[in-house]
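The values are calculated or read from the model by the stated rules, or taken from the named source; none is laboratory data. What you are looking at is a predicted structure, and each value in this text was computed from that prediction instead of being measured. Ideal geometry is used to build each Cβ from the backbone, glycine not excepted, and the neighbour counts take in all protein chains shown. Accessible surface areas use protein heavy atoms only, side chains included; no ligands, DNA or RNA. Shrake-Rupley method; radii C 1.70, N 1.55, O 1.52, S 1.80 Å.
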Amino acid sequence: MTALVRFLAIMLVRLSATLLPAGRSQWAKAMFAELQAIEDDRSALDYAFGCLWASTKECILTLSFVARVVRIGTPSALLILALIAVGLTVRNAEVSLQVATVFGLSAAIFASAATLFLLKGIAAFGRAAGALTVLYSIAFLLVHSLGSFVATDAATNLYRALTIEGIFLWSALFIGTVFLIRMDRAVNVGEG
């Protein structure tokens with residue numbers, strides 16, 4: 001049993017070392033040295049879990065990790081939103097053609113934005129997010145001023161809610177894009 005506990009401690013410290021950023025290689029060496037100095041296997045395992053916790057925090061708190069998560073998460077989330085909007089389009093097609101059209105348009109916007117992100121990169125996506133923020137703001141003003149003339153009160157309230165959501169969503173994506181572009185520039189300046 002003690003050999004298994006010691007083996008697990010060693011494996012956890014190895015995992016901890018792989019999670020650390022390259023600039024923390026001295027930490028990995030120190031972790032291994034400290035583990036070798038601990039005689040009690042259970043204490044070594046406790047220490048190894050502490051190493052794993054510290055390495056995970058160090059990995060997550062680096063901006064490059066956040067940038068990678070945003071780069072993967074943004075198009076994934078947009079595609080999920082597109083699928084949800086397609087489902088709402090189908091669901092509302094028989095009830096209200098106007099509402100179904102709005103959800104269909106939302107699905108197309110989300111899918112197009114995800115495709116743009118993947119094919120053209122972060123800068124093109126950022127320009128699109130900025131333009132969509134303005135577009136949704138104009139749509140909100142139009143719905144707010146002309147809403148009751150165009151649709152029922154329930155549909156007008158839905159359109160108003162969707163435009164507000166759009167403003168917040170695309171503003172957040174625009175801000176995230178600016179963050180990623182600045183991260184890229186900081187990395188490129190650091191390498192050069």
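Might you check whether a residue that is farther than 30 Å from residue 117 by Cα, more than 28 Å from the chain's Cα centre (by Cα), in a helix (DSSP H, G or I) and not charged (D, E, K, R) occurs anywhere in the stretch 13-23?
Yes, the conditions are met somewhere in the stretch 13-23.
Yes or no: the stretch 66-73 includes at least one residue that is assigned to a helix (DSSP H, G or I), touching a Gly at 6+ places or on another chain (Cβ under 8 Å) and closer than 30 Å to residue 184 by Cβ.
Yes, there is a match, as at least one residue in the stretch 66-73 is assigned to a helix (DSSP H, G or I), touching a Gly at 6+ places or on another chain (Cβ under 8 Å) and closer than 30 Å to residue 184 by Cβ.
Check off (1) open to solvent by 80 Å² or more (accessible area, probe 1.4 Å); (2) in a helix (DSSP H, G or I); (3) free of Cβ contacts under 8 Å to residues at least 24 places away in the same chain for residue 94 and give me the number that stays unchecked.
Only one criterion in (1) open to solvent by 80 Å² or more (accessible area, probe 1.4 Å); (2) in a helix (DSSP H, G or I); (3) free of Cβ contacts under 8 Å to residues at least 24 places away in the same chain is unmet by residue 94, namely (2).
Would you say residue 158 is part of a helix (DSSP H, G or I), buried (at least 18 other Cβ atoms within 10 Å of the Cβ), of a type in the set (A, V, I, L, M, F, W, C) and under 18 Å from the mean Cα position of the chain (by Cα)?
Spelling it out, it is not the case that residue 158 is part of a helix (DSSP H, G or I), buried (at least 18 other Cβ atoms within 10 Å of the Cβ), of a type in the set (A, V, I, L, M, F, W, C) and under 18 Å from the mean Cα position of the chain (by Cα).
Looking at 86, 102 in this structure, which one is over 30 Å from residue 23 (Cα atoms), buried (at least 16 other Cβ atoms within 10 Å of the Cβ) and out of contact with any helix residue (DSSP H, G or I) (no Cβ under 6 Å at 6 or more places or on another chain)?
Just one listed residue meets the conditions, 102.
Which is under 30 Å from residue 185 (Cα atoms) and crowded, with 18+ Cβ neighbours inside 10 Å, of 126, 130?
126
Spot the failing condition for residue 120; the list is (1) over 23 Å from residue 173 (Cβ atoms); (2) modelled with pLDDT of 90 or more, and only one is missed.
(1)
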